[in-house]
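The values are calculated or read from the model by the stated rules, or taken from the named source; none is laboratory data. Remember, it's a predicted structure, so these values are computed and weren't measured experimentally. Because the Cβ atoms are built from the backbone with ideal geometry, glycine has one as well, and the counts that use them run over all protein chains shown. Remember, those area values only see protein heavy atoms, side chains included, never the ligands or the DNA or RNA. Shrake-Rupley method; radii C 1.70, N 1.55, O 1.52, S 1.80 Å.
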Amino acid sequence: MKTKAKPASGRDAALKRGSGRARTGRLSLRKAEGEGEGRPASKKSPRIGVLIADDHTVVREGLVSLIRRKPDMTVVGEASNGREAVDLWKQHRPDVTLLDLRMPELDGVSAIKEIRQHDEHARIIVLTTFDGDEDIYRAIQAGAKGYLLKDVPREALMDSIRRVHAGETCVPVHLAAKLAERVSGETLSSREIDVLKLMAQGKSNKEIGSALFISEGTVKSHVKAIFAKMNVISRTEAVASATRRGLIQL
């Protein structure tokens, strides 16, 4: 014959209730701390999405391989010309774009301008072999946030991507000095640039005048002004200096 259990006294009942609350509290604490099964994974910072635009396949593939090895970066697109770079930018909206300066279909500066028409805050780094003061000036004026040469050390390039992504501007000291010289120096007019381009083709003053529909005397005045502004004494020196600085392309 089974003995009927006695009802718990008021004191015993209170102890049981307290013990139950304690167990519930410990379970709630473990859940809050994420212990046991179903613990939520910690959130990782999103990786920097990089678009690479370069018409040289070897260079482009090297950059892709380098960036993909970085845990905080990812490649969102590859472009082989300026037009493709703009199209891929609009498609992927990358955090940072690495852009060559001289590319077919659309040059780097024109690509920068088109991209910034869609987003004036677009973060673009020019990565090029050209270090002429005019090249640097035109790129920065167009809206590039960085200007690097292709011989830049790998980690310096990665650091520049991170810094530009963070809102900084990255131009190495020696290139910044060229930019400052370009800004402070005398600027050639668009007509003088036209004359320089024709001089580079080996045309005489008379031929330049005919091509530009101006008199030979006016051409001579432009040539004199070019020499003075560029601090040169011959056509050959003027063309060489203009090419080196990025004023003209041969």
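At a probe radius of 1.4 angstrom, the accessible area of region 61-131 per residue rounds to 46 square angstrom. A Stokes-Einstein calculation at 10 °C with viscosity 1.306 mPa s, built on the Kirkwood radius of region 61-129 over Cα pairs, returns a diffusion coefficient of 129 µm²/s. The calculated FRET efficiency for Ser210 paired with Glu105, based on their beta-carbon distance and R0 = 41 Å, is about 0.85. Checking the cross-link pairs Lys145/Lys229; Lys197/Lys224; Lys197/Lys220; Lys70/Lys145 against a 26 Å limit on the alpha carbon distance flags Lys145/Lys229 as lying beyond it.
Along the axis of the charge dipole computed for region 128-238 (Cβ charges of +1 for Lys and Arg, -1 for Asp and Glu, origin at the Cα centre), the listed residues Ser190, Thr128, Gly217 are led at the positive end by Gly217.
The order of Phe213, Phe130 by accessible area, most exposed first and with a 1.4 Å probe, is Phe213, Phe130. Listed by chain and number, the aspartates and glutamates placed with their C-alpha closer than 15 angstrom to that of Lys90 are Glu78, Glu114, Asp119, Glu120; residues fewer than eight positions away on the same chain are left out.
On full extension of the chain, what length is gained from Lys90 through Ala180, given 0.36 nm per residue of separation minus the C-alpha to C-alpha distance?
Length gained, Lys90 through Ala180: 29.2 nm.
One decimal place: the segment His118-Arg154 gains 10.0 nm when fully extended, by the rule 0.36 nm per residue minus the C-alpha distance.
Rg over Rh of region 113-209, using C-alpha atoms and the Kirkwood radius, what does it come to?
1.09
A simple count of charges around Glu155, restricted to other residues whose Cβ falls under 11 Å of its Cβ and scoring Lys, Arg +1 and Asp, Glu -1, yields +2. Under 20 Å from a label point set 7 Å out along the Cα-to-Cβ vector of Glu168, the amide N atoms of region 67-90 belong to 67, 70-74. Per-atom-type breakdown for region 107-250 gives carbon and sulfur 50% of the accessible area (1.4 Å probe, protein chains only).
For Ser234 and Gln141 in the same chain, what is the full-extension length gain: residue separation times 0.36 nm, less their Cα-Cα distance, in nm?
That works out to 30.5 nm of additional length.
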